[in-house]
1. Of all residues in region 455-478, which are surrounded by 20 or more Cβ atoms within 10 Å (Cβ to Cβ) and touching a residue at least 24 places away in the same chain (Cβ under 8 Å)?
2. With respect to Ala398, is the statement that it is at pLDDT 95 or above, of a type in the set (Gly, Ala, Ser) and more than 17 Å from Leu308 (Cα to Cα) true?
3. Out of curiosity, is Ala95 within 16 Å of the ligand (Cβ to nearest atom) and either out of contact with any strand residue (DSSP E or B) (no Cβ under 9 Å at 6 or more places or on another chain) or within 30 Å of Pro482 (Cβ to Cβ) (or both)?
4. How many residues, within region 189-245, are surrounded by 20 or more Cβ atoms within 10 Å (Cβ to Cβ), touching a Pro at 6+ places or on another chain (Cβ under 7 Å) and in a loop (DSSP other than H, G, I, E, B)?
5. Quick check on this structure: which one of Lys218, Lys186 is closer than 19 Å to Gly446 by Cβ, out of contact with any helix residue (DSSP H, G or I) (no Cβ under 7 Å at 6 or more places or on another chain) and not hydrophobic (A, V, I, L, M, F, W, C)?
6. Name the one entry in Val303, Val296, Val287 that is away from the ligand (no atom under 16 Å from the Cβ), of a type in the set (A, V, I, L, M, F, W, C) and either within 26 Å of the chain's Cα centre (by Cα) or over 15 Å from Val367 (Cα atoms) (or both).
7. Which pairs do you get when a residue that is more than 10 Å from the ligand (Cβ to nearest atom), found in region 160-179, comes within reach of a residue that is in a loop (DSSP other than H, G, I, E, B) and among the small types (Gly, Ala, Ser), reach meaning Cβ atoms under 8 angstrom, with the pair 6+ apart or on two chains?
8. Can you tell me which of Ile164, Ile81, Ile160 is among the β-branched types (Val, Ile, Thr) and closer than 24 Å to Pro320 by Cα?
Amino acid sequence: MIQPFPTGVQVQTKVQSIDPATGEVWQEYDSATPQQVHDAVAKARAAQQSWGALPFKDRFVPLRKLFNLLFERRMEVAALITRENGKPAAEALVAEVIVSLDLLKYYLRYAPVWLRTKRLPHENIALKMRRGYVAREPLGVVGIIAPWNYPLMLPLGGTIAALIAGNAVVLKPSEFTPAVALEIEKLFREAGLPDGVFHVVVGDGSTGAALATSDINKIVFTGSIATGKKVAAAAAEKLVPVVMELGGSDPMLVLRDADLEHATSGAIWARFMNCGQSCVAVKRVFVEQGIYDSFVTKVVEKVKRLRLGPGSHPDSEVGPMIRERQIAVLESQLNDAIVKGATVLCGGKRRPDLGPLFFEPAVVVKVNPTMKVLQEETFGPLLPIVPVRNVDEAIDLANSTPHGLSASIWTSDVKRARELAQRIETGAVLINDAVSHVGACEVPHGGAKASGYGRTHGRDGLMEMTRTKYVDLEPKTFVRRPWWFSYNQKLLAQLNRFAEFQFSRSLLERLRGVPATVGLLRRKTWL
Ligand code: NAD
């Protein structure tokens, strides 16, 4: 049954591709209606039957072609990403296209091994005669709901994993980046993916809501915590499993013995790449007091050298933000800090001379935990730096928000850093680096606490797209199961001795259990 949209939800009938660097609307698309979303899911379900039944070698043919096409057209695809999302061309190529190619290559190489049905040897002596197998089956239709900040890598990563595992996919991209999603669809079509196995339904949140309430078998949602809660609630109604990749406020802990040059450069890249619009961007920096002043001085010096400009220009390092709404939120978080006593050391202003959505990277100090910049996710070029007395205080502050996506520790004492990593409540901790783990295809990506659950990428990300099925085989039918009816006093006594044989710490008791165990295995039952 098609679910109506919740009352009060505004439905956008069109979505637009806008160049954030100029504000130019360069394409417009009709949003999918709820009926079209449900039709897409039904078609995907029908197509999945034969797709999921194909042997790997046949399923891999269009996926290998997709790899070749994406590789051949890498610069073209990167340019499209820049045009719709605004990020510098180098970032579009590295963080989107190259990461996607890596992931595809990785899964094509290892998926046949990981997804193969495996023998499961039994532990208990009473079960030793039987054979068990664990199979990994496709789930059916996977619904992917994606954000705009990595419009190729995020939806394509989930799609590749789902398809390789034998599922069909319906993708609902962000309303800000429909063209990149439609490019993915085009590439799959050219690669010869069978009809119906992959669909894109463009639209806003109401289209996402229609997908979340449709007849799907799993949802992979990437986006904000607020939307994630709605999607999780919709999925719970039908007990549909979900992967939740949500927002973060990743802390960076800079210890007294850190390499300052490395740490300051790392902080700047990990905060301001993608114009600060990355889930795992460094969003709060805690620096031990002894090096705080020199850290701040170096950061400000370097931030002032960052080159703002359109992502299409090869020298641009920080592009525009995605939409006016995002700048307004960032400004309100910054103003909240200023009103409460924070100081902005550089940036923090719009740059209309460059384009409608440019915002100068800001470094903010004299911040405290009452301010939104330390409590909420800041999704733009804003770096708050906080002095801390010691590591314990840094860890307390790091763990003080509801988020738990990733964190970084910067120090020359790697052994100590590994111990500290255990005390940080996040899905990942990087030592002397940040952000880059999301680009490593083998790393399971995902959060703790309100940053979500489930994993994408790596082996875990592939397994999320499968249902575990256990198959049991008892080759000998002439032996009755010792635990079948009939129950009587003798059986109870035998089972008691069997338990001793299995688990007792006394060798004598275990030996005493041997005859009872043999008796049990040869037991005659009336069934
Ligand atoms: P968002 O929550 O506004 O939107 C995400 C997607 O959900 C979009 O496609 C949107 O149309 C859709 N949507 C909106 N309302 C919906 C509803 N009621 N039901 C179903 N779908 C709905 O997030 P955004 O602004 O696109 O992305 C930014 C957020 O995503 C940030 O918080 C960022 O940290 C997070 N993010 C997390 C990860 C991660 O891996 N953890 C990666 C990228 C982005």
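1. Arg455, Thr456, His457, Gly461, Leu462, Glu464, Met465, Thr466
2. Answer is yes for this residue.
3. In short, yes.
4. Residues in region 189-245 being surrounded by 20 or more Cβ atoms within 10 Å (Cβ to Cβ), touching a Pro at 6+ places or on another chain (Cβ under 7 Å) and in a loop (DSSP other than H, G, I, E, B): 3 in total.
5. Lys218
6. Val303 is the lone residue from the list that is away from the ligand (no atom under 16 Å from the Cβ), of a type in the set (A, V, I, L, M, F, W, C) and either within 26 Å of the chain's Cα centre (by Cα) or over 15 Å from Val367 (Cα atoms) (or both).
7. The qualifying pairs are Asn167/Gly140; Ala168/Gly140; Ala168/Gly196; Val170/Ser214.
8. Going through Ile164, Ile81, Ile160 in turn, just one is among the β-branched types (Val, Ile, Thr) and closer than 24 Å to Pro320 by Cα: Ile81.
The values are calculated or read from the model by the stated rules, or taken from the named source; none is laboratory data. Everything quoted here is computed from the prediction, not taken from an experiment. Reconstructed Cβ throughout: ideal geometry from the backbone, glycine too, with neighbour counts over all protein chains shown.
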